[in-house]
Each structure stands twice: as C-alpha cells, then as structure tokens.
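Here, each number is a calculation from the coordinates, and none is a lab measurement. As the structure is a prediction and not an experimental result, all values here were calculated from the model. With ideal geometry, Cβ positions are generated from the backbone for all residues, glycine too; neighbour counts draw on all protein chains shown.
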Amino acid sequence: MIEIENVTKVYGMGDVEVRALRGVNLKIEQGEMVALMGPSGSGKSTLMNILGCLDQPSTGTYVLDGLEVSKLTDNRLAEIRSRKIGFVFQTFNLLPRASAIANVELPLIYSGGRGKGRAREALERVGLLRRADHRPSQLSGGEQQRVAIARALVNRPSIILADEPTGNLDSKAGAEIMAIFEELNRQERITILLVTHDQDVGNMSQRIIRLKDGIITGEEIVREAVR
C-alpha cells in the first residue's frame, strides 16, 4: 500500500537548511495497523504529511497503492487525498457551529458530491448516530473524536492517518477510540498509521516504527497484521 525509498525533506530557514528527514525507507502493507513513534522533532509530522500527500519529499520516491506520487501536481495530490486517505487529528478540527452530521459530510461536499446517507452511515459505524444533530460543544472529547473518525471514513478511504488521536483524551475515551481503529482495521482491512507518543497506543498496533533525528532507528512487531 505504501512504499517510500530514500526520502529526504529539507526546509530552508533563512540561510539555514533544516533536514527533517534524512533518507527514510518504509513499507506498509495493505491491512496493517502501524504506529510511528519518536520524540518531538524526530520528523514524525513531516513524514505523516508526505504519506498523506500534503507535502512532497525533497528527494526520494513515494509509491502509494502502485502510483508514484512524489512528483505529482497539487491538484492531483488533492484528488488522491479525497479518494484514498482519511485524516484524524489530535485537536479534532471540527466546525464549531456545524452539527456532527454536517461535519462528517464536509469531505463529500469538497469532492463534488453530497450524501447525508453516507454521513449517517459513517456516524453509525463509530456509534454516534444518536448524536448526529449535536454541535461539537455539546459533545465530549471522545465523542468529538468519533465524529472526526466518521468524517475520515465518509469517502471510504483505504488508508487512515491519525496524528496523536488520543492525545487530548482521558484513558477511557482513548481506549474507546483505539478500539474503533482496531475494529476498522480488523473488519474492513483499512490500513491505519498512527503517530503517537503513547507507548500504550503503540502497543495496540501491529508494528511500531521508531523515528529519531529524521531517520528510522528501529521497528518491532507487536502482533500479526490482518490478512
């Protein structure tokens, strides 16, 4: 599903070059649930942005589901994001004045369609259909993250990228969110990549990849992936 080879990312900061990634090689198979772990400044967010087609590498190649995407135009990258990738963030990123179902429906509108039926289906998959007409301020943190997961699911992606998805939640809500990811991975074989500082979250994945100073320093198998 994902294969990157010798990927680097260099940012210019005035006269200084910052090397965020220093030759990363990585393969993620379809149906894997993988945790990317490392200290702040290790390059996790940079790598996530490249994998999510939000940014492009300075050098190296990125093949996503058989397609070389590292040199595509911004419009083509946007098209791939809308069809293949769902995003979940630590801060939920919900529109405060919109209902849960309206927030979930947004990706459909941006991709040129509408579909309250699909939005309701996505909310039902995360156990929140009964709260469809509530605004974010009327929902708990765990419920808001469920809405965010439903929004990520509504375009039926093959990959979900989740950046610290339990970071703003208590342990009970965080465990419930991870149970949803596990179910999506196990039952629907959605490939899931989690960026996390939390070892407990990492231990719920199938494989942990460790990043430090822009390079992969190691990886460990936690359990077998869904096949």
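What whole-number distance in Å separates the alpha-carbon centres of segment 174-227 and segment 6-81? When both Cα centres are located, 18 Å separates them.
Ranking VAL69, ALA102, ILE221 by how far each Cα lies toward the positive end of the dipole of the chain (charges on Cβ) leaves ALA102 at the top.
Considering only ASN155, ASN49, ASN103, give the residue with the highest GNM mean-square fluctuation for the chain, with springs between Cα atoms whenever their separation is below 10 Å. Sorting by GNM fluctuation, first place goes to ASN49. Taking a straight line from the alpha carbon of LYS116, these lysines sit under 22 Å away, with near neighbours fewer than eight places off in the same chain left out: LYS84. Round to the nearest 10 and give me the degree value, 0 to 90, for the angle of helix 141-153's Cα axis relative to the longest principal axis of the chain. So the inclination is approximately 70 degrees.
Per residue of the chain, the DSSP helices (runs of n ≥ 4 H) give a summed -39500 (n - 2.57) that works out to -10000 deg cm²/dmol at 222 nm.
Just ARG146, ARG81, ARG130 to compare: in a GNM of the chain, with alpha carbon springs under 10 Å, which one fluctuates most? Checking each option, the largest mean-square fluctuation is seen for ARG130.
Full extension of the chain segment joining GLU220 with LEU54 gains 57.0 nm, where the gain is 0.36 nm per residue of separation less the Cα-Cα distance. Taking 30 Å as R0, compute the FRET efficiency from the Cβ-Cβ separation of GLN199 and ASN93 and round it to 0.05. The computed FRET efficiency comes out at 0.75. For LYS212, a cut-off of 18 angstrom between C-alpha atoms picks up these lysines, skipping any fewer than 8 places away in its own chain: LYS9, LYS27, LYS44. Our analysis of segment 1-95 gives Rg over Rh at 0.96, with the two radii drawn from alpha carbon positions and Rh computed by the Kirkwood formula.
Checking the cross-link filter: which aspartates and glutamates have an alpha carbon closer than 18 Å to that of LYS71, excluding same-chain neighbours under 8 positions apart? Partners within reach: GLU3, GLU5, ASP55, GLU79.
The angle between the Cα long axis of helix 74-84 and the main principal axis of the chain comes to about 50°, on a 0 to 90 degree scale.
Below 13 angstrom from the Cβ of THR91, what's the summed charge of the other residues (Lys, Arg +1; Asp, Glu -1)? Neighbourhood net charge equals -2.
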